[in-house]
Amino acid sequence: MKMNNASTIKFLILATSALLLCSPTTAQEKPTMKQQPEIVRKAQANQWKWKSPYSVKTTVDRLLAVVNRYPEVLKYDRIDQQAVAKISGHDIRPTEVVFFQNSKLVGKLLTANVLAARELPIKTVVWEDDKGQVWLQTTNIDYLDSHYGLKGGDGAIQAIFDLLPGWVEETVAK
């Protein structure tokens with residue numbers, strides 16, 4: 001993917017002005033905290049970071065396949081940071097970033113504190129470290145809630161807890 005500076009800047013402005021994720025289409029599809037508290041605790045303990053047994057590209061493909069099951073979630077083009085770095089003559093290990101959001105949840109979060117927009121949309125970075133291990137890390141939802149004093153954002157934080165860790169666990173499952 002070749003991007004010029006103007007298209008890179010345009011994309012970043014678009015992506016950073018956008019916001020978060022949503023709930024699934026039917027109540028039957030929606031997992032609850034009671035069903036997956038261990039997944040949320042694991043996400044919190046690991047600072048919202050997971051190991052992936054797959055390549056960066058495959059990990060991002062798998063994440064997007066999970067997120068695509070939720071038509072209400074707005075997905076933004078993934079950014080191949082390795083390709084972007086090459087534009088300026090730098091060579092980095094495989095790294096991609098994906099942004100996604102849902103305006104209903106974002107509205108609740110921003111009503112609680114508009115400055116939370118600095119952390120939105122939800123960002124997921126997938127990278128390969130210098131030992132070849134692939135990692136996936138998302139926006140830290142605990143930080144988002146506590147740092148901006150959202151106090152749960154009228155249920156939005158709970159909705160994220162109900163969805164995001166499960167999506168990532170499915171993404172990195174063998």
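Some notes on this structure:
- Pair list, Cβ under 7 Å, 6 or more apart: segment 151-169 residue basic (Lys, Arg), other residue part of a helix (DSSP H, G or I): Lys151/Ala112
- Leading residue by the ranking (most open to solvent (accessible area, probe 1.4 Å)) among those in segment 81-93 that are of a type outside the set (Val, Ile, Thr) and not in a helix (DSSP H, G or I): Asp91
- Every residue from segment 130-144 that is modelled with pLDDT of 95 or more and out of contact with any strand residue (DSSP E or B) (no Cβ under 9 Å at 6 or more places or on another chain): Asp130, Lys131, Gly132
- Meets criteria (in contact with a Leu (Cβ under 9 Å, 6 or more places away or on another chain), within 20 Å of Trp50 (Cα to Cα), modelled with pLDDT of 95 or more and not hydroxyl-bearing (Ser, Thr, Tyr)) for Trp127: yes
The values are calculated or read from the model by the stated rules, or taken from the named source; none is laboratory data. Everything quoted here is computed from the prediction, not taken from an experiment. Backbone-built Cβ (ideal geometry, glycine too); neighbour counts: all protein chains shown. We work out accessible area using only protein heavy atoms, side chains counted, and drop any ligands, DNA or RNA first. Shrake-Rupley method; radii C 1.70, N 1.55, O 1.52, S 1.80 Å.
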